[in-house]
Amino acid sequence: MPRTLVIALVAVWLLLIGIFAEISPFQSPWPQQRYVLEGAGFAALSGGQIDDDALAVDSADENQGALLVRSVEIADAADWPVLRYRFESLAPTLELALVYRRADSPSDVRTVVLTRPRGGTGSVDLSREKEWQGAITEIGFAVYPVAQSVPAQHAFRPFRLNGAEFWSPSWAGRIASVSTEWSGRRSWSLMSISALGPDSGAVRARSPVLLLTLGLTFTLVLLTQFTPTTPARTLRVIAITVAAAWLLLDLRWSLSFADRHAATRQVYAPLTWPQRQEQLADADVLSAAQSVRQALRDDGADPDRVRLLVDAASDFVRARFVYHLAPARTAPLNLTGWGAVTPQAGVVYFATFEQPEPMFDAAESRLRLDFGFSLPARQLIDAPPLRLYRIGPEGTP
Amino acid sequence: MSAGLLLGLLCSFALGAALWLAIAGWPRRAGDRLAAIGYSLLLGMLGSGLLVGLQRAVPGDRIFLATLPVLGAVGAALLGLAYWRSRRIVSPVAAPPAEASLPRWSWLLLALIALRFAFVLDEAVLRPVFAWDAWNAWSLKAKTWFGLGQVPYLEPVAWWQSADSAAHTALAWRYPGLLSRVELWLAGAAGAWNEGAVATAWPLLWLALVAGCAGQWMALGVSRLGSLILAFMLASLPLLSVHAGLAGYADLWVSAALTFAVLAWLRWLQDGDRSQLLLALCCAALLPLLKFEGAIWALLLVGLAMLVQVPARWRWVGLGVAALLALAVVLVSWFLHLPWLALVAETISGATTSGSEVSRIAAAVAFFNGLFGQNNWHLLWPLLVACLIWQRKRLRQREIGLLALLLGGGLAALFCLFVFTPAAKWAASETATNRLVLHWVPLALSLLALLLRDVQWPGRRPDASPR
């Protein structure tokens, strides 16, 4: 292969990486200034101990996470766009966020969700965050259970904050940030079944799949147009390159799958199957559903035979409430409406979760609906966020 | 895994294997053996679900024992048919040629497939049903049926009017019930509403898809090594693994049934083997029972298959007749108030969507980003496009051209749905497009396999192994 072709190939790949990493040619290759913050300089609101230069957090706070903060003197955030953070033993069930206060609004706490790095050190380019500006007076790290896929009470494991560092603008900082995004540890979310990439929150870096596609396309063009070797040899080179790119992407996905699976194993592997079905991220909804079924029985009703209207704060919670109530004869209110709920229709039950209190008139024992209509009702559960009403004439359901 | 669940899975596999034997006979070639494993798992599990549907009054804790005799009888009948078939159709007895051994490094690919299977199986078994539609649509019915027997799910007005205290309703009241019945069957075999036990079906289906595809590719003339490489590529696709690990969605089932139907049809076109046509019909017939989109894909496949059989000079007439038939189906569905028509009308009119309008360009960008930019499919789509350009002359071969046409039609239908209708909101929010694209992904790899089937790779001798 001619030397010029090799140089052209390397140049094309470097140019593409530069474009995809969004590197500015006007920045220096290395950071000119660094602002080092030792882990021991942070304070945990609970459960933290100084361990050499690091801060070891051995127990969770009341939110099953930890908040580690310290004051800083950053006159202009724009001078320090790259944050490097070093954690050790951060469990796959925990997520990470940067929290900070600005001098111009000290009562406001701002947050930036951080990607958990593969290896010890992660980087984030804060110049892409609109709120990262002006003087910064305090920074910290919030560590908290992964939302949606991890039950909070099983999430926490001890970890160490070894330190953090701010960098002035540089190619190295940008490449480190993109590397963290491309190789970071991810967790399952509801979105994971639909699209991988958007399932991990905001997408902060351009697609490595597209980078490889374009790189391979240019490689193919250069090889076919300018190589003097036989088509068979070119075909072999292309096949090997495509295979390597595919394997690289698959290695990345396999590691990501392994991270997600590690969280699943940490939470569920020690449990029996009935226990697993009780340990859910929305265990409060499950508990509410069990209370409703018991209350219906106490009222002399068969939960699986009486009409039970269900409403909640969101489509998701409503649907989960319905699932946890199964095999009850539920009907989501957004599907059925109030339909034929009249005194003649017999007894109907109505359960709400995380909803503003319905207009229940205890004195008159009536439930007043939005459209000026009211129904005779009796409150069976009044334990916010859960409420349960029996609507209709008294007597056997 | 409990003994009951293992027995239930074995019964399902045995039922599927009996069906394969009755239709296609004893698999003698390596490709057929692999295909038989894949098809048996799919057909067996769905067949078990169909048989469970015959026992509507029986609650879940007794459904396994109640269904077992029926399953045994059907299995025995199929085996009898297989025996009769083997006596009637005498296969040419020829010693199979010596099988070309795979290079040593290729076993690494098998090991990687096995490793991925172990991961997805463990994930599926350990994690309680997680993804949204899994519990909102399919498991809700199955869990209810496990407790009460297969009570009817009615549309909301009928539910209010019904005096039947067993009548239920739900957001997914009009979704087909077959998948929920498969879940019911497995829960029944496990002896309790055990979500981990129910979820085992998805990794097994994933394995069936990989095995079935590899087998059919070999039977269609792809070399053993080529089939193994493509099987690894299929198994490595991230969103496919997600659907196996986060068990509960219908899309993997639709994908498997559609792929198996099309590959068997292609084999019939290539070899004239009628048993493959029968297998194709079986798989295609299951599609509408899985999900609404399955009915559309089945119509697309059957329509194309029928059109191919019409003599060239009658094709325009055939198209006209097909259009008239489609119109008649729509009119009859409208007259009978069939739910699928309401679903289509609501989707196209935007009645089931909410939120702000989305521009067509944004929806199109989101659609293509799902194929080429996100982490869903590795390099599958760019690789397919490149191979289509490179091997464009092979599109004139009948099987390859038809597969390309079918795949193009399916993707074009999805593109129109997600760009030119109010369903664009689902494309922009990236919540639906890739899941529907998943239905076509194994066929995209199949097209890749056929395009590269006859390429002379440097350093490789032609494969003389039995297919």
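A short reminder: the numbers here are calculations on the coordinates, not readings from a lab. Quick caveat, the model's predicted, so the values are computed rather than measured. Don't worry about glycine lacking a Cβ; one is built from the backbone with ideal geometry, like all the others, and counts go over all protein chains shown.
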Protection proxy ranking, peptides A:167-174, A:280-287, A:219-226, average beta carbon neighbours within 10 Å, highest first: A:167-174, A:280-287, A:219-226
Rounded Å value of the spacing that divides the Cα centres of segment A:96-164 and segment B:115-194: 39 Å
Value of D in µm² per second that Stokes-Einstein yields for chain A, Kirkwood Rh from Cα pairs, at 25 °C (0.890 mPa s): 96 µm²/s
Values of log10 I(q)/I(0), in the order q = 0.11, 0.14, 0.22 Å⁻¹, for segment A:126-249 under a Debye, Cα-only, solvent-free model: -0.66, -0.91, -1.38
Calculated from backbone phi, Karplus (6.51, -1.76, 1.60) coupling profile of segment B:424-435 in Hz, x at Gly/Pro: 3, 4, 6, 5, 5, 7, 6, 9, 10, 4, 5, 5
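Determine by what factor the alpha-carbon radius of gyration of segment A:1-65 differs from 2.2 N^0.38 Å, reporting the quotient.
Details: Rg = 22.7 Å, N = 65, 2.2 N^0.38 = 10.7 Å.
Segment A:1-65 yields a ratio of 2.11.
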Rounded if a/c under 1.5, otherwise prolate or oblate - segment A:137-204, Cα gyration tensor axes: oblate
Binned Cα-Cα distance frequencies in segment B:1-142 - 10 Å width, integer %: 10, 27, 32, 22, 9, 1
Dipole magnitude of segment A:238-335, debye to nearest 20 (Cβ charges: Lys/Arg +1, Asp/Glu -1, about Cα centre): 180 debye
³J(HN,Hα), Karplus 6.51/-1.76/1.60, whole Hz, each residue of segment A:24-30, x for Gly, Pro: 7, x, 8, 8, 7, x, 10
Helix-only mean residue ellipticity at 222 nm for the protein assembly as shown, each DSSP H run of n ≥ 4 adding -39500 (n - 2.57), per residue, nearest 500: -17000 deg cm²/dmol
Percentage of interatomic Cα-Cα distances in segment A:187-251 larger than 14 Å: 67 percent
Positive minus negative residues near A:LEU375 (Lys, Arg vs Asp, Glu; Cβ under 10 Å): +2
Helix axis angle, A:3-20 relative to chain A longest principal axis, alpha carbon, degrees: 30 degrees
Relative contact order [Cα under 8 Å, 6+ residues apart], chain A, whole percent: 15 percent
Proximal lysines to B:LYS143, defined as alpha-carbon separation beneath 24 angstrom and excluding residues fewer than eight positions away on the same chain: B:LYS291
Extreme residue, positive dipole direction of the protein assembly as shown, given options B:PRO382, B:LEU301, A:ALA281 (C-beta unit charges): B:LEU301
Overall Cα dimensions of segment A:36-99, principal axis frame, Å, largest first: 35, 25, 20
Three-way shape call for chain B based on the alpha-carbon gyration tensor, with the a/c threshold at 1.5: rounded
log₁₀ of I(q)/I(0) at q = 0.05, 0.06, 0.08, 0.09 Å⁻¹ - the protein assembly as shown, Debye sum with one point per alpha carbon: -0.32, -0.47, -0.83, -1.04
Over 17 Å [Cα-Cα, segment A:48-192], rounded percent: 62 percent
Square roots of 5 times each gyration tensor eigenvalue, C-alpha, segment B:121-219, largest first, Å: 31, 16, 12
